[in-house]
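See structure below.
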Amino acid sequence: MYLTLLQLLLIIGDGTIQRPDYDDTSYPEFLNSAWMSCIPDSTPLSEVTIPGTHNTMALFGGAPAECQSWSLASQLHAGVRFLDIRVRHYKGVLTLHHGPVYQRGHFGDVLQGVVDFLHEYPNETVLMRVKEEFSTTDDIYGAVVSYIHRYGCWDMLWHSRLMPTMGQARGKLIVLQDFPGPDLGLCYSSLDIADDWMVPTLLHLPEKWQSVHKHLELAPVGNKSQMFLTFTSGTGVFAFPSPVAQRINAKLYDYLTYKTGKVRLGVITMDFPAAPIIQKIVDFNNQHC
Ligand SMILES: *[C@@H]1O[C@H](CO)[C@@H](O)[C@H](O)[C@H]1NC(C)=O
Ligand SMILES: *[C@@H]1O[C@H](CO)[C@@H](O)[C@H](O)[C@H]1NC(C)=O
């Protein structure tokens, strides 16, 4: 749990850290833009092991609010394929939020980023949990649909509750719908999810890791038709996302190093992931082309 002297020096250096498991610098160490090309068309998406980010686009607001340091484009090019998008709804306008903190952007910026990426890499797919944050409205569905039309990605959507295969998912945006209304994609609550995000202090990290570990052990033996989703992120009044990620990502990296072979681990969602840990997660698909 203690930082090594080298890590301490890196922190003092310019205030940012780039390790194999944790990265809060501006750009990933390397890119992995097209890894899904190697997954066979017939593989159900629920059997693909996928790296993701928690509270994607939470880049502003200081230590209590920030969950990553890379732009959306950098995240997608680094290999991230699950986005956790939180929108505040006010009279049809959807702004990006982490709790009360406005993230200097709107839902359209995210859709545009995904459209641009999928045009460039049509063999990839992007999973996007969409959740209303810091507002409670009864017409969130209409607002989301209107943005999707406005940003030209209605035809890019996977319009079904059924789990697509990799072949069916290519070039598609798959909404994991975490708000009421008619079906817009997969239903978020149909996933098998571990999201014990509350980490009151750094003394509670062992419990957090236990929750992550337990769910990662379940994923390979769980129902293969159901998507597994494990949040490694956590926060609390005395434990901000970055210090939690610095410790949990290190444990996750060790765990992934000791686990070998082709194993379905599901979606693994992180704060401040680094390019090497993203690569390690992708490698569990054991597909090289
Ligand atoms: C998409 O996959 C096909 C078939 O594997 C491949 O030939 C093509 O180069 C890939 N395209 C991109 C942009 O990666
Ligand atoms: C596995 O998951 C699928 C999709 O959620 C569900 O339809 C099916 O009933 C589940 N099978 C078992 C044995 O629980």
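Values for this structure:
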quantity: Output for the stretch 34-52, where each listed residue is assigned to a loop (DSSP other than H, G, I, E, B) and over 15 Å from the mean Cα position of the chain (by Cα); calculated: 34, 39, 40, 41, 42, 43
quantity: Single residue of the stretch 161-185 satisfying the filter (under 28 Å from residue 38 (Cβ atoms) and small (Gly, Ala, Ser)) that is surrounded by the most Cβ atoms within 10 Å (Cβ to Cβ); calculated: 169
quantity: Long-range neighbours under 9 Å by Cβ, at least six apart or interchain, first residue closer than 8 Å to residue 266 by Cα within the stretch 221-232, second among the small types (Gly, Ala, Ser) and loosely packed, with under 15 Cβ neighbours inside 10 Å; calculated: 227/190
quantity: Output for the stretch 234-258, where each listed residue is without any contact (Cβ under 8 Å) to a residue 40 or more places away in the chain and not small (Gly, Ala, Ser); calculated: 237, 238, 254, 256, 257, 258
quantity: Qualifying residues in the stretch 234-255 (those that are in contact with a helix residue (DSSP H, G or I) (Cβ under 6 Å, 6 or more places away or on another chain) and hydroxyl-bearing (Ser, Thr, Tyr)) - the one modelled with the lowest pLDDT; calculated: 235
quantity: Within the stretch 87-199, helices (runs of 4 or more DSSP H) holding 1 or more residues that are in contact (Cβ under 8 Å) with a residue 40 or more places away in the chain and charged (D, E, K, R); calculated: 107-120, 140-150
quantity: Unmet requirement for residue 119, which otherwise passes all of (1) more than 16 Å from ligand 2 (Cβ to nearest atom); (2) touching a Lys or Arg at 6+ places or on another chain (Cβ under 9 Å); calculated: (2)
quantity: Selected residue [within 16 Å of ligand 1 (Cβ to nearest atom) and of a type outside the set (Asp, Glu)] from 40, 44, 100; calculated: 40
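Yes/no matrix, rows are residues, columns are (1) of a type in the set (Gly, Ala, Ser); (2) modelled with pLDDT under 95:
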| site | (1), (2) |
| --- | --- |
| 63 | yes, yes |
| 71 | yes, no |
| 100 | no, yes |
| 106 | no, no |
| 113 | yes, no |
| 116 | no, no |
| 141 | no, no |
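The values are calculated or read from the model by the stated rules, or taken from the named source; none is laboratory data. Note that the coordinates shown come from a computational prediction; the quantities given were computed from them, not determined experimentally. In this analysis, Cβ positions are derived from the backbone assuming ideal geometry, glycine residues included, and neighbour counts consider all displayed protein chains.
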